[in-house]
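The values are calculated or read from the model by the stated rules, or taken from the named source; none is laboratory data. This one's a predicted model, so the numbers in the text were calculated from it and none came from an experiment. In this analysis, Cβ positions are derived from the backbone assuming ideal geometry, glycine residues included, and neighbour counts consider all displayed protein chains.
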Amino acid sequence: MIVLDKIDIQFANQNFTLLKEKAVYWHEQNMLLLADIHAGKASHFRRNGIPLSSDYLMHDLHRIESIVNQFDICKVSILGDLYHSSSNLEHELTDDFLKNLKVPVELVVGNHDKHSLLNSTLTHRNAYNIGNILLSHEPQKSELFTIYGHLHPAYSIGGKGRQYVTLPSFYIGKKELILPAFGSLNGGKMYAKLAKDSQIILITEDGLVSV
């Protein structure tokens with residue numbers, strides 16, 4: 001088993017680098033793509049009596065900053081669900097942090113974001129295409145190759161004694177690239193039919209592994 005910090009792939013005549021940080025660098029556009037941060041999730045749970053720290057969110061935001069500093073990135077595109085629920089202090093913290101990055105940040109609106117857009121100060125837009133690549137939050141009926149999130153894809157690996165572990169993953173299909181959930185508080189789900197027809201890249205604590 002070979003564990004890598006990044007894996008280069010090519011589709012639709014474009015070059016991408018999958019990163020162990022659960023994001024993708026698009027070379028031709030100098031863009032960083034990621035999805036499903038779900039900022040404000042900790043506050044949402046705290047309001048419902050479940051104590052979760054906002055440190056998870058700060059860790060996620062600093063990961064974005066670290067990636068931006070590593071690559072020649074001109075823009076960050078968050079493919080939906082930057083926010084989790086109705087506006088709260090974590091949303092304000094997130095907006096302030098992202099606006100202070102050295103590159104512009106855009107939000108492709110996801111289903112969770114709709115609760116918070118009125119108070120968001122970030123540039124946002126619906127799904128759109130760049131050339132022959134469609135960027136969206138959810139899967140779309142399109143002839144274009146689509147990059148999206150929403151599903152929080154994962155993959156389960158079995159071991160001895162009926163033990164298994166489920167790891168966040170990239171799913172690479174014939175016409176789609178499904179991004180793992182970037183946020184630390186988000187779980188993942190294995191989609192057996194999608195996984196069967198996709199190349200799976202596992203995200204482990206040490207790096208990326210191709211299944």
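Starting from the range 100-129, keep only residues that are within 14 Å of A35 (Cα to Cα) and in contact (Cβ under 8 Å) with a residue 24 or more places away in the chain, then list their pairs with residues that are surrounded by 14 or more Cβ atoms within 10 Å (Cβ to Cβ) and among the β-branched types (V, I, T) whose Cβ atoms are within a distance under 8 Å, requiring at least 6 positions of separation or different chains.
Listed by first residue and then by second, the contacts come to V105/V76; V105/I78; E106/V76; E106/I78; L107/I78; V108/I78.
Could you list, in sequence order, the residues of the range 128-139 that are buried (at least 18 other Cβ atoms within 10 Å of the Cβ) and either assigned to a loop (DSSP other than H, G, I, E, B) or of a type in the set (F, W, Y) (or both)?
Residues satisfying the conditions are S136, H137.
Of the residues that make up the range 166-174, is at least one touching an Asp or Glu at 6+ places or on another chain (Cβ under 7 Å), under 23 Å from D8 (Cα atoms) and either among the hydrophobic types (A, V, I, L, M, F, W, C) or in contact (Cβ under 8 Å) with a residue 12 or more places away in the chain (or both)?
Yes; the residues of the range 166-174 include at least one that is touching an Asp or Glu at 6+ places or on another chain (Cβ under 7 Å), under 23 Å from D8 (Cα atoms) and either among the hydrophobic types (A, V, I, L, M, F, W, C) or in contact (Cβ under 8 Å) with a residue 12 or more places away in the chain (or both).
Can you tell me which residue in the range 175-188 is surrounded by the fewest Cβ atoms within 10 Å (Cβ to Cβ), limited to those that are over 9 Å from the mean Cα position of the chain (by Cα) and at pLDDT 95 or above?
K175
Whether any residue in the range 140-160 is among the small types (G, A, S), part of a strand (DSSP E or B), under 25 Å from I203 (Cβ atoms) and under 13 Å from the mean Cα position of the chain (by Cα) is what I want to check.
Yes, the range 140-160 contains at least one residue that is among the small types (G, A, S), part of a strand (DSSP E or B), under 25 Å from I203 (Cβ atoms) and under 13 Å from the mean Cα position of the chain (by Cα).
Restricting the first residue to the range 184-206 and requiring it to be on the phi < 0 side of the Ramachandran plot, which pairs with a second residue that is in a helix (DSSP H, G or I) and aromatic (F, W, Y) meet a Cβ separation below 7 Å and a spacing of at least six or different chains?
S184/Y56; L185/Y56
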